[in-house]
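Only one structure is covered here, and it is reproduced in the block below.
The values are calculated or read from the model by the stated rules, or taken from the named source; none is laboratory data. Not measured: the values here are computed from a predicted model. Using ideal geometry, Cβ is built from the backbone for each residue, glycine included, and neighbour counts are taken over all protein chains shown. Areas reflect the complete protein model, heavy atoms only, side chains present, ligands, DNA and RNA absent. Shrake-Rupley method; radii C 1.70, N 1.55, O 1.52, S 1.80 Å.
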Amino acid sequence: MHIAILTLTFSLPGCSSLKEKRQRMGGLHARFGNTPSVAVCESGGRARHDASEWTFVIVGLSKREVESQCSQIEEKLERTVDARVMNVEREFV
């Protein structure tokens, strides 16, 4: 069993409220949390309207499978989220 912790930090320029932040970041939990091998939560910046940090825990039978899933998550986030990715951290446990 292989486990990766993927943490992404986002900047939301021009975001003026927590409601707008939810709209711009909306659906991350629903989009990725439905996958049995992925757990997701907003892990930082919860009270800030101009920044957000999300952590994904990915589990798989091989390191290659987990790395592939991490890459897919990163690519999808960069395409679909109305925010700038400021930092990406991958940690294998």
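Selection of segment 1-20 for residues being within 21 Å of R79 (Cα to Cα) and surrounded by 18 or more Cβ atoms within 10 Å (Cβ to Cβ) yields L6, L8, T9, F10, L12, C15.
The set of residues from segment 21-39 being in a helix (DSSP H, G or I) and surrounded by fewer than 18 Cβ atoms within 10 Å (Cβ to Cβ) comprises R22, Q23, R24, H29, A30, R31, G33. Checking each residue in segment 66-81 for being over 12 Å from F92 (Cβ atoms), assigned to a helix (DSSP H, G or I) and open to solvent by less than 100 Å² (accessible area, probe 1.4 Å) picks out S68, Q69, S71, I73, E74, K76, L77, T80. Count of segment 36-74 residues, restricted to those that are closer than 20 Å to H2 by Cβ, within 14 Å of the chain's Cα centre (by Cα) and without any contact (Cβ under 8 Å) to a residue 12 or more places away in the chain, is 2.
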